[in-house]
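For reference, the structure discussed in these notes is given below.
The values are calculated or read from the model by the stated rules, or taken from the named source; none is laboratory data. As the structure is a computational prediction, the values presented were derived from the model and not from experiment. Here the Cβ is made from the backbone with ideal geometry for all residues, glycine too, and neighbour counts use every protein chain on show. Please note that ligands, DNA and RNA were not included when accessible areas were found on the heavy atoms of the full protein model with its side chains. Shrake-Rupley method; radii C 1.70, N 1.55, O 1.52, S 1.80 Å.
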Amino acid sequence: MNNSSLQAISTSNAPSPVGPYNQAVLVSDWLYCSGQIPLDPKTGRIVGEGEIEAETDQVIENIKAVLQAAGANPTQVVKTTIYLVDLKDFEKVNNIYAKAFGSET
């Protein structure tokens, strides 16, 4: 594969990368998104202050912004990975995730 088949995706509606990577890369018909944290792209500040629902909402909004910049939407997402510090937050995060991405295919 040559680099001409890779298209970097970027939007100011999601946090800018802090390292040598892209918010997402489009390869043919597949979009590979970088991980997100609960950073508000407008203020540059972490939201939620440990409140898992607010943090999850911001992460989902960041992901949606990157998807939109690529011409995609949450219903087209095939796989995600979520890391939790505390498993007691699973149900709260899962409920927000289900609303954003749907609970069925």
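Principal-axis analysis of the Cα atoms of the chain puts helix 52-69 at an angle of about 20° to the longest axis.
About its Cα centre, the dipole of segment 3-85 is roughly 320 debye, where the only charges are +1 on Lys and Arg Cβ and -1 on Asp and Glu Cβ. Among the listed values (i) 21; (ii) 33; (iii) 59, the one matching percent of Cα pairs over 22 Å apart as calculated from this structure is (ii).
Extension gain ILE82-ALA8, at 0.36 nm per residue separation less the Cα-Cα distance, in nm?
Residue separation times 0.36 nm, minus the Cα-Cα distance, leaves 24.4 nm.
Determine the share of segment 59-105's accessible area contributed by carbon and sulfur atoms, expressed in whole percent, with a 1.4 angstrom probe.
After summing per-atom areas, the C and S share lands at 51 percent.
Summarising the amide proton neighbourhood of ILE9: residues at separation of 5 or more, or on other chains, whose placed amide H is nearer than 5 Å comprise GLN23, ALA24, VAL25, LEU26.
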